[in-house]
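To start, the structure itself, in structure tokens.
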Amino acid sequence: MKRAALLLLALGGCEVAPDRGEVERVRAGTEAVRQQLREPESAQFKGVIARGDAVCGEVNASVGMGRTGYERFIVKAGKVTLASQLRTDADMDARWKADCGG
């Protein structure tokens with residue numbers, strides 16, 4: 001029992017560093033999205049993850065007369081897909097499920 005308590009105390013202070021490759025993929029993905037925006041410096045991101053060969057998340061940006069509101073994006077093989085570029089929400093839902101895991 002005493003050993004288990006010491007082990008838990010020792011592990012409690014450990015932090016797991018983010019994977020550098022994943023961090024770079026997320027950075028490259030968000031930069032690719034910025035390049036698609038009218039005002040790239042206004043981009044705000046949330047929920048961005050690298051999953052498989054895709055980077056997925058949400059972006060909110062200014063379009064000159066206000067912000068668009070958050071919309072989903074997928075960056076895969078260097079190609080950016082914004083939800084607003086697709087015909088229906090169902091199209092994005094299908095791509096999201098396939099590339100982003102649900």
Ordering 88-94, 54-60 by per-residue average of other C-beta atoms within 10 angstrom, highest first, gives 54-60, 88-94
If I take every Cα pair under 8 Å that is 6 or more residues apart in the chain, average their sequence separation and divide by the length, what percent do I get for the relative contact order? 19
Normalised alpha carbon radius of gyration of the chain [divisor 2.2 N^0.38 Å]: 1.43
Relative packing of 74-85, 35-46, which averages over residues the other C-beta atoms within 10 Å, highest first: 74-85, 35-46
Charge sum, other residues only, whose C-beta stays under 13 Å from Gln36's C-beta, Lys/Arg counted +1 and Asp/Glu -1: 0
Charge dipole magnitude, Cβ of K and R +1, D and E -1 - the range 18-90, Cα centre, debye nearest 20: 120
Using the alpha-carbon atoms, what tilt in degrees (0 to 90, nearest 10) does helix 20-34 show relative to the longest principal axis of the chain? 20
In nm, give the distance between the simple-model label positions of Thr68 and Ala90, each being 7 Å from the Cα along the Cα-to-Cβ direction. 2.3
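Values in this text are rule-based calculations from the coordinates and carry no lab data. Nothing here was measured: the structure is a model prediction, and the numbers come from that model. Here Cβ is always computed from backbone atoms with ideal geometry, including for glycine, and neighbour counts include all displayed protein chains.
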